[in-house]
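The values are calculated or read from the model by the stated rules, or taken from the named source; none is laboratory data. The model shown is predicted, which means the values in this text are computed figures rather than measured ones. We place every Cβ from the backbone using ideal geometry, glycine too, and count neighbours over all the protein chains shown.
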Amino acid sequence: MKTLTVFYSLTGHTEKLARAINEAAGGDLLEIKTAKSMPRGFLKYFVAGRQVMKKEQPELAVFDKNPNDYDLVFLGTPVWAGEFVPAVRSFLVRVMLKGKKAALFCAHGGDNPGKAFSDLENELAGNEIIGKIDFKMDGITAAQEAANIESAQKWARDLAKKVSN
Ligand SMILES: Cc1cc2nc3c(=O)[nH]c(=O)nc-3n(C[C@H](O)[C@H](O)[C@H](O)COP(=O)(O)O)c2cc1C
């Protein structure tokens, strides 16, 4: 069984989860990057908010793995304006994932993932969503972060085991 963990992360939280998931589930890791970098500071909220609202598909940097070559795909996104991020939309439109088992994870600063999962599920029609997990990653203690990482790893390990059986 081939497993891919693919993610976008602007400030490193989703990346931490993705690396931990990849370590637990095995397989390959792919970071989605935009061709143009996001502005720093407050301006990023404006640019990102507009991208989300207009369902924009920012241009991506070159990537070298095709999730269609894998059996199980873990897909991670931060939550922006209650949604999954535009770079993930660009990625999904580009790769047209079909017939895969997919497990979704996200990092957020508030109490819940908003519509990130439901909208991702719509975008991933034609695939089987076998798991979803979200973590509040902002403003937490090191112990809470370690607990989140541990839960993410257990979740990933269990799903990978289930799929390979
Ligand atoms: C442009 C922008 C919009 C955001 N909107 C939300 C939101 O609607 N709900 C929420 O819980 N967190 C929101 N956040 C917080 C991020 O989801 C949170 O910081 C997350 O941990 C970032 O993940 P990353 O470090 O992988 O980029 C937003 C952050 C940014 C930069």
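Determine, yes or no, whether ALA125 is at pLDDT 95 or above, part of a loop (DSSP other than H, G, I, E, B) and exposed (fewer than 15 other Cβ atoms within 10 Å of the Cβ).
It is true that ALA125 is at pLDDT 95 or above, part of a loop (DSSP other than H, G, I, E, B) and exposed (fewer than 15 other Cβ atoms within 10 Å of the Cβ).
Can you confirm whether VAL52 is in contact with a helix residue (DSSP H, G or I) (Cβ under 7 Å, 6 or more places away or on another chain), near the ligand (Cβ under 10 Å from one of its atoms) and either assigned to a helix (DSSP H, G or I) or modelled with pLDDT under 95 (or both)? It would help to see each step written out before you state the result.
Details: in contact with a helix residue (DSSP H, G or I) (Cβ under 7 Å, 6 or more places away or on another chain): yes; near the ligand (Cβ under 10 Å from one of its atoms): yes; either assigned to a helix (DSSP H, G or I) or modelled with pLDDT under 95 (or both): yes.
Yes; evaluated as a whole, the condition is true for this residue.
Could you please find all residues in region 1-35 being of a type outside the set (Val, Ile, Thr), assigned to a loop (DSSP other than H, G, I, E, B) and at pLDDT 95 or above?
Answer for region 1-35, where residues must be of a type outside the set (Val, Ile, Thr), assigned to a loop (DSSP other than H, G, I, E, B) and at pLDDT 95 or above: LYS2, TYR8, SER9, LEU10, GLY12, GLY26, GLY27, LYS33, ALA35.
Given the criterion touching a helix residue (DSSP H, G or I) at 6+ places or on another chain (Cβ under 7 Å), closer than 24 Å to ALA160 by Cα and in a helix (DSSP H, G or I), identify the matching residue among LEU120, LEU104, LEU97, LEU92.
From the options LEU120, LEU104, LEU97, LEU92, the qualifying one is LEU92.
Filter region 124-148 down to the residues that are under 22 Å from LYS2 (Cα atoms) and within 15 Å of the chain's Cα centre (by Cα) and list them by number.
Correct list: LEU124, ILE129, ILE130, GLY131, LYS132, ILE133.
Any residue in region 66-94 that is under 14 Å from PRO113 (Cα atoms) sitting within a Cβ distance under 6 Å of a residue that is in a helix (DSSP H, G or I) and among the polar types (S, T, N, Q)? List the pairs, counting only those 6 or more apart or interchain.
Hits for this filter: GLY76/THR14; PRO78/THR14.
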